[in-house]
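Following: one structure in structure tokens, then a few remarks.
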Amino acid sequence: MNFRNDTISLSRIDLENHSFRISTPNVEDRLTSSIASVGILNPPIVIEPEGVPLVVSGFKRLLSCRKLHWENVPVRFLPPDISNIRCIRIAITENTGQRKLNLVELSRIFHLLYRYYGDYQQVAHEASLLELPDKPIYIQKIEALCRLPEAVQKGILSDTISLATAVQLDRMPEHT
């Protein structure tokens, strides 16, 4: 993959567009301390449709830079003609290569893939290529977690709410 390395103003990057976001939103002090100490070793990956850089991977790094009041950040630009599925694969690969994913992050991956393919069988096939769980029934169950309210997602992440309970909560009407 040919990336274009550059340094750009952090304020130019659209951090509100979570189209490719996989990581859960907490910014760890360890990451911020590490970036403050040694800088960004692995620059975030962005695309620039319509002149506004969007994050494909590196949300936590960029939020740490914002916490540190950095004005400019190093980034790697993807080619402008790259497809959405390639961006999704890059986001997944970069996240799975860094750490063990939690259930909400897996849910976000399956949700991204489902939005692209629209079929759980195809999501399962893609997941198997990416060395992720690849049973369609499991994918369908997990994919719903990222659509639950943030409070429920936090409960899942803190092991306060079990997967079985979360699945039941997804089946309830939203107002409940």
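Some notes on this structure:
- Between R66, R61, R99, R115, the distinction of being part of a loop (DSSP other than H, G, I, E, B) and within 30 Å of T160 (Cβ to Cβ) belongs to R99 only.
- The residues of the range 46-76 that are under 17 Å from the mean Cα position of the chain (by Cα) and either β-branched (V, I, T) or more than 21 Å from R115 (Cβ to Cβ) (or both), listed by number, are V46, I47, P53, V55, V56, K60, R61, L62, L63, S64, V75, R76.
- Residue within the range 99-120 that is within 26 Å of N5 (Cα to Cα), surrounded by fewer than 21 Cβ atoms within 10 Å (Cβ to Cβ) and of a type in the set (D, E) present: no
- Criterion (among the charged types (D, E, K, R), more than 23 Å from L41 (Cα to Cα) and out of contact with any Asp or Glu (no Cβ under 9 Å at 6 or more places or on another chain)) met by exactly one of R115, R66: R115
- Of all the listed residues (R30, R76), the sole one being outside any strand (DSSP E or B) and either open to solvent by 50 Å² or more (accessible area, probe 1.4 Å) or closer than 20 Å to T93 by Cα (or both) is R30.
- Restricting the first member to the range 105-119 and to residues that are more than 19 Å from L148 (Cα to Cα), and the second to residues that are open to solvent by 60 Å² or more (accessible area, probe 1.4 Å), the beta-carbon pairs closer than 9 Å and six or more apart or on different chains are Y116/N84; Y116/Q122; Y117/H125.
- Subset of the range 121-138 (residues that are open to solvent by less than 80 Å² (accessible area, probe 1.4 Å) and farther than 15 Å from I22 by Cα): V123, A124, E126, S128, P133, D134, P136, Y138
The values are calculated or read from the model by the stated rules, or taken from the named source; none is laboratory data. Since the structure is predicted, the reported quantities are computational estimates derived from the model, not experimental observations. A quick note on method: Cβ atoms are made from the backbone with ideal geometry, for glycine too, and the neighbour counts reach across all protein chains shown. All accessible areas refer to the heavy atoms of the entire protein, side chains included, with ligands and DNA or RNA removed. Shrake-Rupley method; radii C 1.70, N 1.55, O 1.52, S 1.80 Å.
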